[in-house]
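Working notes, beginning with the structure itself.
Throughout, read-outs are computed from the coordinates displayed, never taken from laboratory work. Please read these numbers as outputs of a predicted model, since none were measured by experiment. Every residue, glycine among them, receives a Cβ derived from its backbone with ideal geometry; neighbour counts consider all protein chains shown.
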Amino acid sequence: MENVYGLLGFPVEHSLSPLMHNDAFAYFGISARYHLFSVKPEQVGEAIAGVRALGIAGVNVTIPHKMAVIPFLDEVDEHARRIGAVNTIVNDNGRLVGYNTDGPGYVKALEEEMDVHLDGKRILLIGAGGGARGIYFSLLSTAAARIDITNRTTEKAARLVREGEDGRSAFFPLAEAEKRLAEYDIIINTTSAGMHPRVNEQPLSLERLRPGTVVSDIIYNPFETKWLKEAKARGARGQNGVGMLVYQGALAFEKWTGQWPDVNRMKQLVIDQLR
Ligand code: ATR
């Protein structure tokens, strides 16, 4: 029998996940299909009950349900519990187990796509919302030397640093981070500034950027934000959000099937669709 997988979100229509997963299932000759499920916020509990009742083998969870699904699961792994969000559910013979592959996917994309070794690196994270949380806690589990946070609303950065309880982190107002920019080896934008349709917004000034710095933006629509283009023009090594999208999917696929997919193939499919 064909296994069913899918994405629970609202809206879900524009997701690139079916493309990646269905191609990977075909590639491995796995009899399975990945579908989009548009789930209204007030029906999250029923949707999870549906996953159980129908024996759906696994699902991804996206905006706005990543926190809301947690009470309906049988088990939530430690990382997902710490960040308070689940993006991948595995149906293990009726036991629904929640994981979060966003942060780990981001870190793997950074290491593999940019050939970066995080040991001893000084990292600046811009943003303190949902996107930042997973990445921040994943970075804390690496051997990076510093993982500082800056955010438009400084108090939110302060809160995240307090939660991290890690001596390697400090928080700064945006203006202060802009002044200190040359201290960092890696600068990561997790904010929505520059994302379609707000393409003219920039998360922080790059005036003091040191050439050779890795500048990474989790946005992939537009394919390259104005900010990322400017960083590259100033001599940075730039990364867009496609890597994180693909690697979070690859890690979910591995949890469901035990197979590590061909990430370059997945990436090419996504790029062809976006460009
Ligand atoms: P997500 O879950 O996608 O991270 P979010 O929780 O709404 O979304 O967080 C959006 C992030 O983008 C926040 O860090 C936000 O800063 P505030 O906490 O001050 O709101 C940041 N952000 C959005 N627009 C921005 C802009 N124009 N300049 C700088 N930061 C911006």
Task: Filtered residues of region 52-63 (kept if surrounded by 15 or more Cβ atoms within 10 Å (Cβ to Cβ) and within 19 Å of PRO11 (Cβ to Cβ)) - done: VAL59, ASN60, VAL61, THR62
Task: Selected residue [surrounded by 15 or more Cβ atoms within 10 Å (Cβ to Cβ), hydroxyl-bearing (Ser, Thr, Tyr), in contact with a Gly (Cβ under 9 Å, 6 or more places away or on another chain) and farther than 13 Å from ILE123 by Cβ] from THR225, THR190, THR213 - done: THR225
Open item on the list: Which condition from (1) within 14 Å of the ligand (Cβ to nearest atom); (2) within 19 Å of VAL214 (Cα to Cα); (3) in contact (Cβ under 8 Å) with a residue 40 or more places away in the chain is the one that ALA193 breaks?
Closed with: (3)
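Here's the yes/no breakdown for (1) closer than 29 Å to LEU181 by Cβ; (2) basic (Lys, Arg); (3) without any contact (Cβ under 8 Å) to a residue 60 or more places away in the chain:
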position: PHE223; (1), (2), (3): yes, no, yes
position: LYS229; (1), (2), (3): yes, yes, yes
position: ALA236; (1), (2), (3): yes, no, yes
position: GLY241; (1), (2), (3): yes, no, yes
position: ALA250; (1), (2), (3): no, no, no
position: GLN259; (1), (2), (3): no, no, no
position: ARG265; (1), (2), (3): no, yes, no
Task: Residues satisfying the stated conditions in region 104-151, i.e. touching a Leu at 6+ places or on another chain (Cβ under 8 Å), within 13 Å of the ligand (Cβ to nearest atom) and either within 11 Å of ILE83 (Cβ to Cβ) or free of Cβ contacts under 8 Å to residues at least 12 places away in the same chain (or both) - done: ALA132, ARG133, ILE135, TYR136
Task: Of residues in region 4-41 being polar (S, T, N, Q) and assigned to a helix (DSSP H, G or I), the one surrounded by the fewest Cβ atoms within 10 Å (Cβ to Cβ) - done: ASN22
TODO: May I ask you to list the residues in region 172-187 that are within 12 Å of the ligand (Cβ to nearest atom) and buried (at least 19 other Cβ atoms within 10 Å of the Cβ)?
DONE: ALA177
Task: Residue within region 142-149 that is out of contact with any His (no Cβ under 9 Å at 6 or more places or on another chain) and within 30 Å of TYR5 (Cα to Cα) present - done: no
